[in-house]
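**Student:** Take a look at this one; I'll ask things after.
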Amino acid sequence: MSVPALVLVAHGTRSARGVRMIGDLAEAVSRELRGTAAPEDISVPLVRTAFVDVLGPAPSEVLRDLGSVPAVVVPAFLASGYHVYQDVPREIGESGHPSVSVTPAMGPDVALARVMRMRLRTAGWRPGDAVVFAAAGSSDPRARRDVRRAVTLLSAQLDTPARVAYVATGSPRVPEVVAALRESGSRRVFIASYLLAHGLFHQRLHEAGADGVAEPIGIHPAVVRLLAGRYHAAVRDLIRTAA
């Protein structure tokens, strides 16, 4: 079996900065995969990006372009909702590609919680400050369950409870939770961004009235290793299936 390509699937954004970040993340994963290859292994996987909304290329287009090369689709989503359970399988089906493995989504994962803790500290958070865990939101109960798990992981990292809030879909909304924390006596309130990249949603967090807003999860060695690990696990499954 030839070396499977990695197709990193993300949600599209109209933010040029966000698009660049997804491209840079894919390149970082590619470097990680080259770095972990055995010295005698001259075959390293292709890494391609695809988007399920706003802009292209779509996953089906990327998969068709790969021809007969096996592929591992890695959903770069922080929770598994409609895009993971509906869009990704539909795109794979429309591609007609004969050999595709799909990994679990990026999140929730303790590695992401550790990155969020670091982003909060950089934003000025200190122990004792209140934390709002800001997620995009979803109407899918499975995605909301993933978010609750992610909140638990971050709270454990901070040794303080974080309050979940949503930017776009679901309630309570981020400004409401920030205001409620202030009314309950919190002197300083910080927002932990459970978003992958810069864009409209992250911009809204700066308008929510908090004392500080952490950067999106973005590119970090732990995130890169997480995605590379998803790929390696899926390749092992493909090899077992082909054997």
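Computed from the coordinates by the stated procedures, all read-outs in this text should not be read as laboratory data. Predicted model, so just to flag it, every value in this text is computed and none were measured. Cβ sites come from the backbone with ideal geometry, for glycine too, and all protein chains shown count toward neighbours.
**Student:** Under the Karplus relation 6.51 cos²θ - 1.76 cosθ + 1.60, θ = phi - 60°, what is the ordered set of whole-Hz ³J(HN,Hα) values for segment 103-112, x standing for Gly and Pro?
**Tutor:** 8, x, 5, 4, x, x, 7, 4, 4, 5
**Student:** Would you mind telling me which residue in ALA50, ALA180, ALA168 has the biggest mean-square fluctuation in a Gaussian network model of the chain, where springs connect alpha carbons within a distance under 10 angstrom?
**Tutor:** Of ALA50, ALA180, ALA168, the most mobile in the Gaussian network model is ALA180.
**Student:** Oh, and also: Would you mind computing Rg(Cα) / (2.2 N^0.38 Å) for the chain, counting N as its residues?
**Tutor:** Expressed relative to 2.2 N^0.38 Å, the Cα Rg reads 1.06.
**Student:** Specify the residue with the greatest mean-square fluctuation among ALA179, ALA143, ALA26, computed from a Gaussian network of the chain linking alpha-carbon atoms under 10 Å apart.
**Tutor:** Comparing ALA179, ALA143, ALA26 in a Gaussian network model of the chain, the most mobile one is ALA179.
**Student:** Something else about it: Taking 8 Å as the Cα distance limit and 6 or more residues as the minimum spacing, I'd like the relative contact order of segment 1-121 as a percentage.
**Tutor:** In percent, rounded to a whole number, it is 30.
**Student:** Still on this structure: Would you please give the residues with an amide H less than 5 Å from that of ALA10, counting only those at least 5 places away or on a separate chain, with H modeled from the backbone geometry?
**Tutor:** ALA50, PHE51, VAL52, ALA76
**Student:** Right, here's the next one. Explain nothing, just compute: Karplus ³J(HN,Hα) = 6.51 cos²θ - 1.76 cosθ + 1.60, θ = phi - 60°, for every residue of segment 204-216 in order, whole Hz, x for Gly and Pro.
**Tutor:** Ordered by residue, 3J(HN,Hα) equals 5, 4, 6, 9, 8, x, 7, 6, x, 10, 6, 5, x Hz.
**Student:** When only C-alpha pairs under 8 Å and at least 6 residues apart count, what is the relative contact order of the chain, in percent?
**Tutor:** For the chain, the relative contact order is 22 percent.
**Student:** Now, a different point. In Å, what Rg and Dmax follow from the Cα atoms of segment 47-115?
**Tutor:** Final numbers for Rg and Dmax: 12.5, 38 Å.
**Student:** Between ILE191 and residues 5 or more places away or on another chain, which pairs have amide H atoms under 5 Å apart, with H built 1.01 Å from N, and which residues are they?
**Tutor:** Sorted by chain and number, the residues that satisfy this are VAL132, GLY212, VAL213, ALA214.
**Student:** What is the distance in Å between the Cα centroid of segment 136-195 and that of segment 11-30?
**Tutor:** Taking the Cα centre of segment 11-30 as reference, the centre of segment 136-195 is 25 Å away.
**Student:** Around ARG188, what is the net charge, scoring Lys/Arg as +1 and Asp/Glu as -1 over all other residues with Cβ under 10 Å from its Cβ?
**Tutor:** +1
**Student:** Can I ask one more? Sort 117-124, 75-82 by the packing proxy (mean of other Cβ within 10 Å over each peptide's residues), most packed first.
**Tutor:** The densest-packed peptide leads the list: 75-82, 117-124.
**Student:** Here's another thing I want to ask about it. Once each part is reduced to its C-alpha centroid, what is the distance from segment 65-124 to segment 201-243 in angstrom?
**Tutor:** 8
**Student:** Additional query: Can you report the principal axis dimensions of segment 159-206 using only the alpha carbons, biggest first, rounded to whole angstrom?
**Tutor:** Its Cα atoms span 31, 22, 17 Å along the three principal axes.
**Student:** Which angle from 0 to 90°, rounded to the nearest 10, does the C-alpha axis of helix 221-242 make with the longest principal axis of the chain?
**Tutor:** Taking Cα atoms only, the helix is inclined about 40 degrees.
**Student:** Tell me which residues come under 5 Å, amide H to amide H, from VAL72 once H is placed; ignore anything under 5 positions away on its chain.
**Tutor:** ALA5, LEU6, VAL7, SER101
**Student:** With θ taken as phi - 60° and the coefficients 6.51, -1.76 and 1.60, list the Karplus ³J(HN,Hα) couplings across segment 126-139 in order, rounded to whole Hz; mark glycine and proline as x.
**Tutor:** Computed from phi, the couplings for segment 126-139 are 10, x, x, 6, 6, 10, 9, 8, 9, 10, 4, x, 7, 8 Hz.
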